[in-house]
Structure formats: structure tokens, C-alpha cells
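Notes for the one structure printed next.
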Amino acid sequence: MFAPSTNRKMKHITFTLLVLLALISTDVLAQKTTGTTPEDSLSNNQSKSSTTIGGYGNVFYQRNSVSQTSKVDLERFVLFTGHKFNDKISFFSELEVEDAKVAGGEPGGEVSIEQAYLKFNLNPNQYMVAGLFLPRIGILNENHLPNTFNGNERNYVETFILPSTWRELGVGFYGRLNDLPVNYSVGLVNGLSSEMFEHGDGIREGRFEGKNATANNLAVTAAVQYYLGDFKFQVSGYYGGTVGVSKLKADSLGLNSGTFGTPVVIGETDLQYANNGFQVRVLGTIVSIPDAAKINRAYANNTPQTEYGAYAEIGYDLFHLAPGQHEKQLIVFIRDEKFDVNASIPSNGVIDGTLNQNHVVAGFTYLPIRNVAIKADIRIVHTGTQNPNLVINPNPATLPYQQNYNLVNLGIALSF
């Protein structure tokens, strides 16, 4: 039997947990009717409790028409925890698990901190963030809940050209104008590592994502958003160094060191529209790496000089005019994606036509409530030709390269 003092402690702990659950339940009930998340409530300073818990995740099945193989994957599960210290200071964090688990040295999968930052409300129109946060660039980087975009997979332009979700350590300043429908942001974060760039992935593997990031090189990012009726326009950019090693080592490698040495430059613009059941998204971006030849000479990683990507998507909610279906949505959509991770290369690079791709994605997204989505889509893929110089010691059982193939996807997604 427990001692009386132990019983009192257990009763106190039980009571505290019940109160916390009740407060969380209040938030959850509010979210069911609005489609918002605890992160939204905390960010808008409308959370009913000091500590909030939420998350999101998705599972999908995929069938490849060429290899005649299928897979099913718990692609990601993210747990959000936030805390409101007072009306001025809040904390936001997300713990992400990709591909269900990472254990025993098995390949694939990842456990990572997707964000961990403090938010300081300066006044009703301005705030600052400090820590590991997602810069405002593109559409998906800040708004990537799987029940808020069409298709089981994130669009490839904002996966391989703009490497969402892209988070780095630093500080950011956000605000809006009083007299105009304009939002703006500027951030200072750690730079990239050109040594980690990989052929076919552009700058994606050069991100530090909060892990032992070099701070000799830095980056600035900025965005401006303009609202006009049902339209939202955005222009964003990034300029940052990619060499964080000492000047002596950089000189020995023939690279420019310093704060913005051997830079990566990104420009992006997008448009979003939503009205009368219609949804439209259009985005274009270009990545420039002026010193790609120097990077290739130092690291032999076939870094391109230019990458680009663009997509346009239109969707329509079939339930928009259906009586009694205002909480449900059945969105049919089609999206055209065009991107090239190897658009132009320096003289010491090797062209890879397979990285020049066009994808057409079509399907539907059914939302019985705003926080749950059931999805089905087909991705029709066309690529450029394969460079035989990049095929080294091929497996005799390997099928000939196919420039055209389809991926059929079925899945579910949620946020809470």
C-alpha cells in the first residue's frame, strides 16, 4: 500500500492531468468547427490554455507503373507542443518522425526537430522569432499541413528546388502595414554547406536544420505579401553563403569564404486565389549558384549553376453549393509541375537529362471535416533522356531507363 503522503501526491498529479486534458479538450472542440490547429490558436494569441498540444501526419500507398511495385508508408508524424508564457512571449516546437521509425541502423527514416523557437509579440502589427524556424519562402514551407494541400505528395517544385520544409537557426522579424493589405518579413539565419550538395538534390542536402550549423557564413531571407480581394501575392528571396570553413581551408579549396562567400541566390513568386469553391495556386522559382564551378572543383559533387521550377494548380470543391455540406469538401484538382535541378551546369559539370522533369498530377481530396483528408491522385511523369556517362557498373538485372511512368497514390492525412 502507498503511504498517505504518496496518495496525496498521486491525487494532486491526477487532478493536474485532468485539468490539463480539459483545457486541451476545449481547444480541440473549437478546432473541430474552425479547422484551426493549436499552433494557429497560439500564434493568434487565442489559445485557451498556457500549454497546447497538436500535430499532423499522413499515410499513403503508391504504385509505380514501370517497376510494377507498390509501397505503403507512414510518411511523417509530427507532434506540436507550444507554451504561452504571457501575452508577449510564446514557445513553438515540433518533433517529426519520417517513415515511421529510425532504429538499429536501418536505412531511411528520420527523427528531427522541425521547429523550436520563441516568439516575441512587439505590438499588434509586429513580432520577432528566435531559434529554429521556417523562413517565409514559397507556399508550402510555412503552410505544409497535409490536409491543406492537394495530392498525397507535396509538389516536387517545393521539395527539390525549394527544399521544404526548410528550417534554420536564426532570428526573424514579421509585420504588417496599417494602411495597406501588406505583410512583410526578413530573417537572418545560418548559411548552407556546399560540401553537402548532392547530384540530383540541388541544395537540399546542404541544409543544416539546426544540427551543428556553421555560423561563419550566414544568409538573409525576405518576403512581401499583398492581398487584393480573394487574391494573395507573394515575392520572396534568399541570399546566403555556402562555405563555413576557416579562411585558410577555403583558400586551399579555391572557395570564397566570409559571411556570404560562394553564395546561393533564390528568387520566388507565387499567387493564390480562393472563391466560390475554386482554388488556384501558381508558383515560380529560380536558384542561382554563380560559383558552381569552384564548388565542383573542390568537392566533385556536380553542383549546377542554375535550377528552376514552376507549377500551376486549379481545384474545385464539388460540395461548394451542396445543401447541408458546408463542413465537408470534395475537391477535384489538376496540377502541372515543371522543374529542372540541372538546368545549367558549369564547364566542369555533367548534364543529367533525367533531372529535367514535367509532372501532371490529378485527383481528389475529400475532407469530411477540415482537419481530416482522404486523398487519391495519379502522378504522370515525363523526364529527359539519361546520360550514359552517369551509368557506372549497372546491375545486369536493371530495367532500361523509362522517361515516362505513372505513380498512383491513395492516402489519408490529418492535423489536430
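The values are calculated or read from the model by the stated rules, or taken from the named source; none is laboratory data. In this text the structure is predicted, and so the values were computed from the model without any measurement. As a convention, Cβ positions derive from the backbone with ideal geometry for all residues, glycine included, and neighbour counts pool all protein chains shown. Just the protein is used for accessible areas: all its heavy atoms, side chains included, with ligands, DNA and RNA removed. Shrake-Rupley method; radii C 1.70, N 1.55, O 1.52, S 1.80 Å.
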### Query
Out of region 167-185, which residues are surrounded by fewer than 22 Cβ atoms within 10 Å (Cβ to Cβ), under 18 Å from the mean Cα position of the chain (by Cα) and of a type outside the set (Gly, Ala, Ser)?
Leu169
#### Entry: Flag for Phe60 being more than 20 Å from Asp377 (Cα to Cα) and out of contact with any helix residue (DSSP H, G or I) (no Cβ under 7 Å at 6 or more places or on another chain)
no
### Message
Let me confirm something: among Gly172, Gly138, which residue is at negative phi and either touching a strand residue (DSSP E or B) at 6+ places or on another chain (Cβ under 9 Å) or not β-branched (Val, Ile, Thr) (or both)?
### Response
Gly172
### Query
Has region 249-258 got at least one residue that is charged (D, E, K, R), in a helix (DSSP H, G or I) and open to solvent by 20 Å² or more (accessible area, probe 1.4 Å)?
yes
### Task
Answer with yes or no whether Val102 is assigned to a loop (DSSP other than H, G, I, E, B), aliphatic (A, V, I, L, M), modelled with pLDDT under 95 and more than 30 Å from Asn404 (Cα to Cα).
yes
### Task
Can you tell me which residue among Ile392, Ile331, Ile351 is among the hydrophobic types (A, V, I, L, M, F, W, C), open to solvent by 30 Å² or more (accessible area, probe 1.4 Å) and in contact (Cβ under 8 Å) with a residue 24 or more places away in the chain?
Ile351
### Query
Just one of the numbered conditions (1) among the small types (Gly, Ala, Ser); (2) assigned to a helix (DSSP H, G or I); (3) within 21 Å of Pro368 (Cα to Cα) is not true of Gly324; which one?
(2)
